Amino acid sequence: MLLIGFLGHQPLQFIWILLIFGLSNLKGIQCITSVGSCRATNVSLTDYGGVGDGVTLNTKAFQLAVANLSRFASTGGGLLYVPAGRWVTGSFNLTSNFTLYLHRDAVILGSPDINDWPLIDPLPSYGRGRDAPGGRYSPLIFGSNLTDVVITGDNGTIDGQGKPWWEKYNAGKLNYTRGYLIELMFSDRFVISNITLMNSPSWHVHPVYSSNVIVSGITILAPTNSTNTDGINPDSCSNVLIEDCYIVSGDDCVAIKSGWDEYGIAFGMPSQHIIIRRLTCISPTSATIAMGSEMSGGIQDIRAEDILAINTESAVRIKSAVGRGGYVRDVFVRRMNLKTMKYVFWMTGDYGDHPDDRYDPNAVPVIERISYSDVVAENVTLAGQMQGTQNVTFTSLCMSNVSIGVVESKKKAVAWNCTDVEGVASSVIPPACGLLRDEGDGHACPFPVDRLPIEDFEVDGVCKSGGNLLRAWESLLLHGVLLSLAVLHLLHV
């Protein structure tokens, strides 16, 4: 019944989404599960006084366990096992050569007490907090300058209990920026797999200034009206793989970033070599995949394929503005299946505000070499909203084999709204805007054929076994079908 609540008590829509998601994603899921012998030293949270009663604060238990396991970093690493129970905690830090493993009935709960989330410095590429000037609250699960870190399990849950944070933010009662659910910074070799993340105060997964990051087979759930609850946000990261993820959120399902205005330009670390595949997204007010608007360090070589989006504001959105500087280039997207959205293609050259008044008005972003192919969409309000400006022109765009079903009531209106863009189109229905040169049928937009190193990358401490994750999704689908039948019976359909 959880997903029905997130989707606004629309059981028929839930049934349809569940069946589409289950049938379309079961094949691709990888099996990364079971404690086994992932690390040389394994301990349980209960060994350090942890109490999983949903009330007791376990921050010290987590901190002690991680500190103890850090001693084994050079001798095979350590695994912290979180057994079944509800484990309330404030923020805690991870360590290198470490695995955090959640039992399927384990729920890590973010403390509702704001004092259990200590203040830390703002990110150097942002210069200030995103919500407010100054510092920010620590992520619930945090790490800096780490190597070889895994967060996984048998589909256990990490719940940020973000509702009080959203309410305080919306009421203007927070003096600092909300904490994220999981953040690793300045780190290498980081895996999140086979867990459920819920209700972050803000973004759910935020790897920043990091490399060799894998996010695989996770579920992210937040109310669709919750503020800034992005799913996965790689930020100034290189070599990232996001695959087989199911996300319901109040903001972008995936957002790629690289710093804000003059601070991001000075820091100068791009997000690059990123793969997104087999993603399912539901986000009525935001994008399936967004780039920016904080992109001042640059974004390049982004490859997205096999994307399913349902009841989502837009498929792919590129956001920037004068003062950002940087670039978004070499973006390749193919095989998108889209059902009910406002815009399929959305590009904006005047989006967002600035961290302060010291930004450079001559710092103009470059948006170029963006390719979309094999796109099918239905129940769409506007095929494309692509608005550059006199100073920010989108160039070398390519669209091929695109079929968009515009909502019946909108058919008499214009299907495309384009300014200051340049590129080509082939086999696009309805016909693309005149600023995209019609190449006729048969022209295919490029998609890279080389493999990125992250596709063959392995991290120590990823617990592998024979099929528990697949069985978990099969169980989800089976229970969903049974629930669907029950709902249909109650509705007399």
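Only the coordinates and a few stated rules stand behind these numbers; no lab work does. Predicted model, so just to flag it, every value in this text is computed and none were measured. Neighbour counts run over all protein chains shown; Cβ positions are idealised from the backbone, glycine included.
Details
- Taking segment 289-311 and a reference point 7 angstrom along Cα→Cβ of residue 358, the backbone N atoms nearer than 18 Å belong to 296-297.
- Neighbour counts of C-beta atoms inside 10 Å place 206, 354, 273 in the sequence 354, 273, 206, starting with the fewest.
- Given R0 = 35 Å, the distance between the Cβ atoms of residue 119 and residue 450 translates into a calculated FRET efficiency of 0.20.
- Taking Cα centre as origin and charging only the Cβ of basic (Lys, Arg, +1) and acidic (Asp, Glu, -1) residues, the dipole magnitude of the chain rounds to 720 debye.
- Its Cα centre serving as origin, segment 257-377 has a Cβ charge dipole (Lys and Arg +1, Asp and Glu -1) of approximately 640 debye.
- Within the chain, helix-based [θ] at 222 nm, where runs of 4 or more DSSP H residues each add -39,500 (n - 2.57), nearest 500: -4500 deg cm²/dmol
- Cα gyration tensor category, rounded, prolate or oblate, for segment 335-375 with a/c compared to 1.5: oblate
- Nitroxide proxy distance, nm - points 7 Å out along Cα→Cβ at residue 74 and residue 408: 7.2 nm
- Rounded, prolate or oblate (a/c below 1.5 giving rounded, otherwise prolate when a/b exceeds b/c) for the chain by Cα gyration tensor: prolate
- Potential extension, residue 285-residue 390 segment - 0.36 nm per residue separation minus Cα distance: 35.0 nm
- Cα gyration tensor category, rounded, prolate or oblate, for segment 72-145 with a/c compared to 1.5: oblate
- Positive contributions from Lys and Arg (+1) and negative ones from Asp and Glu (-1), summed over other residues with Cβ under 13 Å from the Cβ of residue 435, come out at -2.
- Simple label model, 7 Å out from Cα along Cβ direction - residue 366 to residue 175, nm: 4.4 nm
- Computed from Cα positions, the angle between helix 468-491 and the longest principal axis of the chain comes to roughly 70 degrees.
- Mean separation of Cα contacts under 8 Å, 6 or more apart, over the residue count of the chain: relative contact order %: 12 percent
- Length-normalised contact order for segment 44-87 - Cα pairs under 8 Å, 6+ apart - percent: 52 percent
- Per DSSP, loop trypsin sites (Lys or Arg not before Pro) in segment 282-373 with at most 12 further Cβ within 10 Å: 358
- Segment 174-210 versus segment 384-448: alpha-carbon centroid distance in Å: 35 Å
- R0 of 30 Å, Cβ-Cβ distance residue 458-residue 67: FRET efficiency to nearest 0.05: 0.65
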